[in-house]
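J.: Have a look at the structure that comes next, please.
The values are calculated or read from the model by the stated rules, or taken from the named source; none is laboratory data. For clarity, every value in this text was computed on a predicted model and none was experimentally measured. FYI the Cβ positions are ideal-geometry reconstructions off the backbone, even for glycines, and counts take in every protein chain you see.
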Amino acid sequence: MEIMARQLTIDFYNCSTNRLNNLEEIKTIVRNVIQNSPDLQSAVIDQGHLSIIGAFKEGHLAIHVYTELKYAAVDIFTCGEDSDPEILSKELRKFFKPDKMKSTFLKRGDFGQQKDMKPKIKTRVAPLRKIKSTGAKVIKKLVARGNR
């Protein structure tokens, strides 16, 4: 056995607001992602803060949504050598449609096989966001040249 489990934490920034406000729609996508697990709990913590937690055969998933911030925090824990939390992550990314995401991946339960537990951190920016930023830079340069 190489490792016992994998844990993926994800921050979705500037998500599609119409999806963040609908708890039932979020619960539906979570059920689909974790294959209709009956062990799904949800709560409205306070105005603009939703929480969904689901247990499934290979692990568990937790999502906290902050509608005013257009932000969703996701934790995915999967057990087994062949488990892949990235598959679940891709489906959630399609649903929330963030402009930017940051993910941290941990291998859990290595029992001393690895010398340290360094996480793999990835930051992705949605292509549309990159285009908007590049376009703004080009316009600034063109305006600057026009003012000369």
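J.: Which of the strands (runs of 3 or more DSSP E) found entirely inside the stretch 1-96 contain at least 3 residues meeting this: of a type outside the set (Asp, Glu) and more than 25 Å from residue 108 (Cα to Cα)? Even if it seems obvious, please write down each step before you answer.
T.: Details: elements: 5-13, 39-46, 49-56, 59-66, 71-79.
Hits in the stretch 1-96: 39-46.
J.: Then there's this: Could you grab the pairs with beta carbons closer than 7 Å, sequence gap of 6+ or different chains, first residue in the stretch 43-56 and touching a residue at least 12 places away in the same chain (Cβ under 8 Å) and under 15 Å from residue 73 (Cα atoms), second one outside any strand (DSSP E or B) and of a type in the set (Lys, Arg)?
T.: Going by the 7 Å Cβ cut-off, the qualifying pairs are 52/27.
J.: Continuing with this model, one more query. If we scan the stretch 84-91, do we find a residue that is touching a Lys or Arg at 6+ places or on another chain (Cβ under 6 Å), surrounded by 18 or more Cβ atoms within 10 Å (Cβ to Cβ) and at pLDDT below 85?
T.: Going residue by residue through the stretch 84-91, those that are touching a Lys or Arg at 6+ places or on another chain (Cβ under 6 Å) are 85.
Checking the rest, the ones that are also surrounded by 18 or more Cβ atoms within 10 Å (Cβ to Cβ) come to 85.
Adding the requirement that they be at pLDDT below 85 leaves 85.
Among the residues of the stretch 84-91, at least one is touching a Lys or Arg at 6+ places or on another chain (Cβ under 6 Å), surrounded by 18 or more Cβ atoms within 10 Å (Cβ to Cβ) and at pLDDT below 85, which makes the answer yes.
J.: May I pose another question? So, in the stretch 17-60, how many residues would count as being under 16 Å from residue 89 (Cα atoms) and among the small types (Gly, Ala, Ser)?
T.: 3
J.: A follow-up question, please. In this structure, is residue 67 of a type in the set (S, T, N, Q), touching a residue at least 60 places away in the same chain (Cβ under 8 Å) and in contact with a helix residue (DSSP H, G or I) (Cβ under 8 Å, 6 or more places away or on another chain)? Step through it out loud before you land on a result.
T.: Details: of a type in the set (S, T, N, Q): yes; touching a residue at least 60 places away in the same chain (Cβ under 8 Å): no; in contact with a helix residue (DSSP H, G or I) (Cβ under 8 Å, 6 or more places away or on another chain): yes.
No: the conditions fail for residue 67.
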